[in-house]
Amino acid sequence: MSAGAPLFDWRFAWATLPALRRALGVTLEAVAAGMTLALGLGLVWAVARRSAPRWIARAVGLWVELIRSTPLLIQLYFLYFVMPEAGVRMSALLTGILGLGLHYSTYTAEVYRAGIEAVPEGQWEAARALGLSGRRTWLAVILPQAIPRVIPALGNYLIAIFKDTPLLSAIAVAELLQTAKIIGAERFRYLEPLTLVGLIFLVLSLVSARGISALERRHVVRHA
């Protein structure tokens, strides 16, 4: 930095916004798709551990513990560099979405499991007494009571996924942080792009937290 140059160059910061805006789109796509996958798969894992035959429940339990016990970065490397050797090839972004979804599905599974176990046993007995099928019991009795209880915990994982998207840069996904690093390297100025990325993460995390709180209050009022 030359003598007399401002510590924070607002003109340079403004010039970086178009590239960061495009990278934000990639980040939000990864977060939305990854969280959707995590919510869906997590529910599958939780229900399987409760209702599937014992050998399937144990296999799912081992799978959940395996994913939870290994770093997300290693899982991303495995999906991106190892799976192609087995003939499974995906784009970097699709690999990142799959990695985020699989990894966080094991955490949402535990959240769902806590919500399911909090449903009184009498609800299960009442469903059996009414002759409801297993599918009907889950959809009409158990899940409508279990899911509202765990909305705050699920929301926390939405924010966690958002903050973990910089790991996708390890497999060449041009998300926010990777784009900021590229801009900084090109102009030998890192302060402006990294500051803007930090502010974007902060704002979106706060907005997400507010949205989750509003959703929680809505369900509390509905079930009051």
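Worth pointing out:
- Within segment 161-181, being at negative phi and not in a helix (DSSP H, G or I) holds for Val173, Ala174, Glu175.
- Any hit, segment 9-26, residues being within 30 Å of Arg135 (Cβ to Cβ) and assigned to a helix (DSSP H, G or I): no
- Residue list for segment 117-167, restricted to those being aromatic (Phe, Trp, Tyr) and under 30 Å from Phe201 (Cβ atoms): Tyr157, Phe162
- Verdict on Ala92 being surrounded by fewer than 20 Cβ atoms within 10 Å (Cβ to Cβ), within 30 Å of Pro193 (Cα to Cα) and at pLDDT 95 or above: no
- Options Glu117, Glu121, Glu175; residue that is crowded, with 18+ Cβ neighbours inside 10 Å and among the charged types (D, E, K, R): Glu175
- In segment 193-219, the residues that are without any contact (Cβ under 8 Å) to a residue 60 or more places away in the chain and assigned to a helix (DSSP H, G or I) reach residues that are among the small types (Gly, Ala, Ser) and crowded, with 16+ Cβ neighbours inside 10 Å with C-beta atoms within less than 7 angstrom, at least six apart or across chains, in these pairs: Leu194/Ala180; Leu194/Gly184.
- Residue identified as free of Cβ contacts under 8 Å to residues at least 24 places away in the same chain and under 19 Å from Arg21 (Cβ atoms) among Glu186, Glu175: Glu186
- Segment 72-89, subset surrounded by fewer than 22 Cβ atoms within 10 Å (Cβ to Cβ) and closer than 28 Å to Val150 by Cβ, residue nearest to the chain's Cα centre (by Cα): Leu72
- Which numbered condition Leu143 fails, given (1) loosely packed, with under 13 Cβ neighbours inside 10 Å; (2) of a type outside the set (Lys, Arg); (3) farther than 28 Å from Thr27 by Cα: (1)
- Index of the failed condition, Gly155 passing every other in (1) more than 15 Å from the chain's Cα centre (by Cα); (2) modelled with pLDDT under 90; (3) surrounded by 14 or more Cβ atoms within 10 Å (Cβ to Cβ): (1)
- Qualifying residue in segment 54-67 (condition: at negative phi and under 17 Å from the mean Cα position of the chain (by Cα)): yes
The values are calculated or read from the model by the stated rules, or taken from the named source; none is laboratory data. Quick caveat, the model's predicted, so the values are computed rather than measured. Quick reminder, even Gly has a Cβ in these numbers, built from the backbone with ideal geometry, and neighbours come from all protein chains shown.
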